[in-house]
1. What full-extension length gain, to one decimal in nm, is calculated for Val333 and Glu120 as 0.36 nm per residue of separation minus the Cα-Cα distance?
2. May I ask you to sort Phe299, Phe139, Phe48 by Cβ crowding, counting other Cβ atoms within 10 Å and putting the fewest first?
3. Suppose R0 equals 22 Å; then what is the FRET efficiency for Ser24 and Lys98 from their Cβ-Cβ distance, rounded to the nearest 0.05?
4. Among Ser315, Ala330, Gly294, whose Cα sits farthest toward the positive end of the charge dipole of segment 209-360 (+1 at Cβ of Lys/Arg, -1 at Cβ of Asp/Glu, about the Cα centre)?
5. Could you tell me the calculated FRET efficiency between Arg360 and Lys73, based on Cβ-Cβ distance and R0 = 41 angstrom, to the nearest 0.05?
6. For Glu147, what is the net charge nearby, where nearby means another residue's Cβ is under 15 Å from its Cβ and Lys, Arg count +1, Asp, Glu -1?
7. What percent does the relative contact order of segment 181-307 come to when contacts are Cα pairs within less than 8 Å and at least six residues apart?
8. Where Rh is the Kirkwood radius over the Cα pairs of segment 124-196, the temperature 20 °C and the viscosity 1.002 mPa s, what D in µm²/s does Stokes-Einstein return?
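Bear in mind these aren't lab numbers, they're just calculated from the coordinates by the rules spelled out. This structure is a prediction, so every number in the text was calculated from the model and none was measured. Because the Cβ atoms are built from the backbone with ideal geometry, glycine has one as well, and the counts that use them run over all protein chains shown.
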Amino acid sequence: MKRNILIALLAAFTLAATAAVPDSIRQNLADFDSVVYMAEHDYAPFKFKVTNKNKKEYNALKKRLVKDLTKGKRSWQDAVCAYVAWFGDFHFFVFGNKEVSANYSKYARKRIEYRKQMDEYHLQPMSCKVDDETWLIRFPSCDNTQEWAEQSAREYLNSRCPNLIIDIRGNGGGQDDSYQPFMQLLFDTSDCSRDGVMIRYTEASIRRCGLNEERLKELGLPTDFVHAPEYVVLVEEGATFHYDSISTFPKKAAIIVDNSVASSGEQLVLDARLASKRTKIYGRDNTLGCVDTGNCPHFTPAGRGLNIQYPISYSTRYEKGTCVDPTGIAPDVRMPLPYPKRLTDNIDEWVLWVAEDLKR
């Protein structure tokens, strides 16, 4: 009898506590939970990010954020930003209006902001002669630029300059195919072997990517999500790439980087290191360290006015312990110069220094 009374009292207490939580906070908790669910079930490298070493830290973070939301001490947006930023993956981030971006930046891993170091930092595509021996191609984005890259590569070859500088400062990525015309110039080592790529294969992620059954078949990916494995090979480990011939020019080449170089921009650097003995990487800072994950759909929880981008694939560098992220790629040559004051469509001090260094 006493036990029944105790159960009734506990039930009444729980009901009262739940009723005391405003609907807005309940909604916040439910929507935050949807973000956590997405991360734990769809985010590709989750198993590498949350390990036995840091699982307590991760669970404590979730508990703290839920507690703050329940007590109204933290906005839903702030909780989501803090949670996503914890993973330290710049392919996994929150974006929206200026307020959202500023909120996420509070928690994201810090890096040098070039706009604060320079009077003007707004790089533009360029293809021009630096001097009689050196040609410059400035390539600040891998988005829809393959035709431009092909044209600039032809311009360089027509110049007959022995040395080539490819300036990719500010290149935050896009499509790997866009830089292939440059790799055809730099390539001089055959049968280069790349790291593999795995997809965390969930129906939710594939739908967010907009891939229908026909496209999945074209890509050689499963169409039966019920029986598909959790992780599917996208690129085989050790897959090779090569070109039919080796270009006579350039004799020497340089790639200039900064810590805004990310994703496909970093893959260009990795490919050049793998396939070109005549190319050196120049920079003052490492690249961003945002290339070990990729293929990113967007998740919009409950139409809350913010979006979450997350990667559904990861490089097998995670499994081999050879990740580029988060430290980035170190240049072969550290620039001994201060940051330029202006970096747009100009031939700046760094380009001139590298041009002279290539002549040695």
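1. On the way: separation 213, 0.36 × 213 = 76.68 nm, distance 2.42 nm.
Contour length minus Cα-Cα distance gives 74.3 nm.
2. On the way: Phe299 19, Phe139 26, Phe48 14.
Ascending Cβ contact count within 10 Å gives the list Phe48, Phe299, Phe139.
3. Once rounded, the FRET efficiency stands at 0.40.
4. Ala330
5. Step by step, r from the Cβ atoms, then E = 0.10.
6. -3
7. Numbers: 171 pairs, mean separation 42.8, N = 127.
It comes to 34 percent, rounded to a whole number.
8. Here the translational diffusion coefficient equals 166 µm²/s.
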